[in-house]
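Chemist: Got a structure here, written out as structure tokens. Questions coming.
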Amino acid sequence: QVQLVESGGGLVQAGGSLRLSCAASGSGFSMYHMGWHRQAPGNERELVAHITSAGTTNYADSVKGRFTISRDNVKNTMSLQMNSLKPEDTAVYYCNVHRFALDAWGRGTLVTVSS
């Protein structure tokens with residue numbers, strides 16, 4: 001069973017940066033596909049960025065060029081570097097790992113961007 005813990009959320013002004021981290025327990029980390037999702041109040045959860053076990057990345061159009069997802073298979077961590085933050089990026093950000101029948105989620109970390 002995989003357990004995920006997010007960190008790095010907080011309050012930042014528009015135009016600022018934050019770096020989120022997701023630490024995973026258990027084995028087999030390098031085989032997982034991983035992603036960051038977010039959910040703003042009143043909205044559905046949406047995929048922000050995704051990275052496969054091979055390192056292929058893709059991003060939601062709304063964050064392309066501003067966010068960068070990465071992973072460290074030695075430290076069992078995944079990160080999301082968020083630059084040029086906008087008030088509409090305000091949300092709870094969740095870490096997700098999946099592969100075959102595995103689909104695990106963290107509890108989320110709140111990002112608030114003030115205008």
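Chemist: Per residue, how much accessible surface does the chain expose to a 1.4 Å probe? Answer in Å², no decimals. Provide the component values of the computation, followed by the final result.
Modeler: Numbers: 6110 Å² over 115 residues.
The answer is 53 Å² per residue.
Chemist: Computed FRET efficiency, Cβ-Cβ of Trp105 and Val74, R0 22 Å: what is it to the nearest 0.05?
Modeler: E between Trp105 and Val74, to the nearest 0.05, is 0.45.
Chemist: Measure off, as a whole percent, the carbon and sulfur share of the 1.4 Å-probe accessible area of segment 46-91, all protein chains present. Let's see the in-between values first.
Modeler: Working: 1090 of 2250 Å².
Ligands and nucleic acids excluded, carbon and sulfur give 49 percent.
Chemist: How long, wide and thick is the chain, going by the Cα atoms along their three principal axes, in whole angstroms, largest first?
Modeler: Each principal axis gives a Cα extent; for the chain these are 41, 25, 22 Å.
Chemist: Report, in debye and to the nearest 20, how large the dipole of the chain comes out about its Cα centre when Lys and Arg carry +1 and Asp and Glu carry -1 on their Cβ.
Modeler: Values: 10 positive and 8 negative charges, 43 e Å.
Taking the Cα centre of the chain as origin, the dipole is about 200 debye.
Chemist: Quick one: what are the phi-derived ³J(HN,Hα) couplings along segment 71-86, Karplus 6.51/-1.76/1.60 with θ = phi - 60°, whole Hz, x for glycine and proline?
Modeler: 9, 10, 6, 7, 8, 6, 10, 10, 10, 9, 8, 10, 10, 6, 5, 10
Chemist: Just order 25-31, 45-51, 5-11 by mean Cβ neighbour count inside 10 Å, highest at the front, would you? Present the calculation step by step, with values, prior to reporting the outcome.
Modeler: On the way: 25-31: 13.1, 45-51: 17.7, 5-11: 15.4.
Ranking, from highest mean packing down: 45-51, 5-11, 25-31.
Chemist: While we're on this one: Can you give the net charge of the other residues whose Cβ lies under 13 Å from the Cβ of Ser84, counting K and R as +1 and D and E as -1?
Modeler: Working: positive: Lys64, Arg66, Lys86; negative: Glu88, Asp89.
Counting the neighbours of Ser84, the net charge comes to +1.
The values are calculated or read from the model by the stated rules, or taken from the named source; none is laboratory data. Quick caveat, the model's predicted, so the values are computed rather than measured. Positions of Cβ are backbone-derived with ideal geometry, glycine not excepted, and every protein chain shown enters the neighbour counts. The area values use the complete protein model at the heavy-atom level, side chains included, leaving out ligands, DNA and RNA. Shrake-Rupley method; radii C 1.70, N 1.55, O 1.52, S 1.80 Å.
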